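Asks: This is the structure, below, for whatever I ask next.
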Amino acid sequence: MTRAGEKIGLSQPAMSAALSRLRELFEDQLFVRAPTGMEPTPRARELAGPIQRALRDIESTLRGTPDFDPEHARHTFVVGMTEYAEISLVEKLTEILRQQGSFIDLRLRAIAKVEYLELLDEGGIDAFVGHADEVPPRLISVSLLEDPLVLLARRGHPIFKTQIGVEDLVRWPQILVSPTGEARGAVDPILKQQGVERRVAMTVGSYLGIPLALQSSDLTSNVPEQIAARLSKVLPLRSASLPFRHIVASTLVWHSRNESDRAQVWLRRLIREAAQM
């Protein structure tokens, strides 16, 4: 009893008192005298395994959460993204996951920026990537993507014959990505400041519709540079700088309760790595 007490920092009288309380709790002697000292009863031996496992779990918890191992972990992440963010990141995310996470599943969920606050609060998504105006204090955000708008039109379009000015830009009708169908976008206030107005001849619900319309018409469009570069590689389209500068910015946002979660930390590192490729 004395030696056992020394191991856990209790005096012999305190150890004896603790054993008495345990005997009363379990209605068993737990330890009995024998020629070689104190020996556990069958009930004590029965309790030993579960108690040891419980103590290991407590010790592991107090020491901190183990590192997240993407090579062996089986985990599904859900990330809300605007369409532009998804187009910019999906190829790079696929490449990184192929190298790092054999059993990691990623769900990219198309959501509008008005939805992400509620989804992060409810745990419906692990993170959001897109345009975020004002992020409330309960959420954490970092700048992720910055992409200038450029002009996109079919190859051979007359607008490319000279350096493009504001008057050239508004001379040709445009196609605009607008899920709501509203014929106004980020460039309209800029054009208004310069005393001109464009005609939006068509709106489409996603970027997929833009190249299909541009390649067979004289319509033009203003799209992020990364999207224009990808489309121009595979379709008869051409891009050029606009006569003004407008940056399309995307932010990575997550809930503060997940700040230290090892799996979530790995996910955010994955997204940032994809954005830098």
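The values are calculated or read from the model by the stated rules, or taken from the named source; none is laboratory data. The model shown is predicted, which means the values in this text are computed figures rather than measured ones. Don't worry about glycine lacking a Cβ; one is built from the backbone with ideal geometry, like all the others, and counts go over all protein chains shown. The accessibility values were calculated without ligands, DNA or RNA, using every heavy atom of the protein model including side chains. Shrake-Rupley method; radii C 1.70, N 1.55, O 1.52, S 1.80 Å.
Asks: Kindly express, to the nearest 10 degrees and within the range 0 to 90, the angle between helix 83-100's C-alpha long axis and the longest C-alpha principal axis of the chain.
Replies: 40
Asks: Mind listing the Cα extents of the stretch 46-185 along all three principal axes, in Å, largest one first?
Replies: 87, 34, 22
Asks: Which lysines does residue 161 reach when only Cα atoms under 24 Å apart count, and residues fewer than 8 places away in its own chain are ignored?
Replies: 233
Asks: For the stretch 103-236, how big is the tail of P(r) above 17 Å, as a whole percent of Cα pairs?
Replies: On the way: 5969 of 8911 pairs.
Roughly 67 percent, once rounded to a whole number.
Asks: Evaluate the relative contact order of the stretch 48-184 (contact order divided by residue number), counting alpha-carbon pairs under 8 angstrom at least 6 apart; express in whole percent.
Replies: On the way: 91 pairs, mean separation 31.7, N = 137.
Rounded, it is 23 percent for the stretch 48-184.
Asks: Continuing with the same structure: Where does the stretch 14-100 land on the Kirkwood hydrodynamic radius, alpha-carbon pairs, in angstrom? Before the final figure, lay out each step's value.
Replies: Working: mean 1/r = 0.0538 Å⁻¹.
Taking the inverse mean of 1/r over all distinct Cα pairs, the stretch 14-100 comes out at 18.6 Å.
Asks: Roughly what angle does helix 262-276 make with the longest principal axis of the chain, taking Cα atoms, 0 to 90 degrees, to the nearest 10?
Replies: Tilt of helix 262-276: around 20 degrees.
Asks: Counting only heavy atoms of the protein chains, get the accessible area per residue of the stretch 165-277 (1.4 Å probe) and round it to a whole Å² value. Walk me through the numbers on the way to the answer.
Replies: Numbers: 5830 Å² over 113 residues.
Counting only protein heavy atoms, the per-residue value for the stretch 165-277 is 52 Å².
Asks: Right, here's the next one. Mind checking the angle between helix 225-234 and the chain's longest principal axis? C-alpha axes, 0 to 90 degrees, to the nearest 10.
Replies: That helix lies at roughly 70 degrees to the long axis.
Asks: Rounded to whole Å and sorted largest first, list the principal axis extents of the Cα atoms in the stretch 86-148.
Replies: In descending order, the Cα extents are 35, 32, 19 Å.
Asks: May I pose another question? Got the relative contact order for the chain handy, in percent, Cα pairs under 8 Å and 6 or more residues apart?
Replies: 22
Asks: Restricting to DSSP loop positions (anything but H, G, I, E, B) with no more than 16 other Cβ atoms inside 10 Å of their own Cβ, which GluC sites (Glu not before Pro) remain in the stretch 1-49? Can you show the working numbers first?
Replies: On the way: sites: 6, 24, 27, 46; in loops: 27.
Hits after loop and neighbour filter: 27.
Asks: I'd like the carbon and sulfur percentage of the solvent accessible area for the stretch 167-277, probe radius 1.4 Å, heavy atoms only, ligands and nucleic acids excluded.
Replies: The computed percentage sits at 49.
Asks: Could you give me D for the chain, from Stokes-Einstein at 37 °C and 0.692 mPa s, where the hydrodynamic radius is the Kirkwood radius over C-alpha pairs? Units µm² s⁻¹, please. Mind dumping the intermediate values first?
Replies: Working: Rh = 23.9 Å.
Calculated translational D: 137 µm²/s.
Asks: Further, regarding this structure: What figure in square angstrom, to the nearest 10, would you give for the accessible area of residue 131 with a 1.4 Å probe?
Replies: 80
Asks: Just the accessible area for residue 143, please: 1.4 Å probe, Å², rounded to the nearest 10?
Replies: Ignoring ligands and nucleic acids, residue 143 comes out at about 90 Å².
Asks: Per residue, how much accessible area does the stretch 1-42 show when a 1.4 Å probe rolls over the protein heavy atoms, in square angstrom?
Replies: With the other protein chains kept in place, the stretch 1-42 gives 80 Å² per residue.
Asks: Name the residue farthest towards the positive end of the dipole of the stretch 107-216 from the options 189, 150, 160, assuming +1 on Cβ of Lys and Arg, -1 on Cβ of Asp and Glu, about the Cα centre.
Replies: 160
Asks: Give the calculated FRET efficiency between residue 134 and residue 57 to the nearest 0.05, with a Förster radius of 30 Å applied to their Cβ-Cβ distance.
Replies: With a Förster radius of 30 Å, E is 0.10.
Asks: What do you get when you divide the Cα radius of gyration of the stretch 1-41 by 2.2 N^0.38 Å, with N the number of residues? Walk me through the numbers before you get to the answer.
Replies: Numbers: Rg = 10.4 Å, N = 41, 2.2 N^0.38 = 9.0 Å.
Here the Cα radius of gyration is 1.15 times the empirical estimate.
Asks: Just the number, please: carbon plus sulfur as a percent of the accessible area of the stretch 67-128, 1.4 Å probe, no ligands or DNA/RNA counted. Working shown, then result.
Replies: Details: 1560 of 3350 Å².
Carbon and sulfur: 47 percent of the exposed surface of the stretch 67-128.
Asks: Just to confirm a number: summing +1 for Lys and Arg and -1 for Asp and Glu over residues other than residue 30 whose beta-carbon lies under 13 angstrom from that of residue 30, what do you get? Could the numbers behind the result be given before it?
Replies: On the way: positive: 21, 23, 33, 43, 45; negative: 24, 27, 28, 39, 46.
Net charge in that neighbourhood comes out at 0.
Asks: Along the three principal axes, how long is the stretch 184-277 when you take its alpha carbons, biggest first, rounded to the nearest angstrom?
Replies: Its Cα atoms span 51, 35, 23 Å along the three principal axes.
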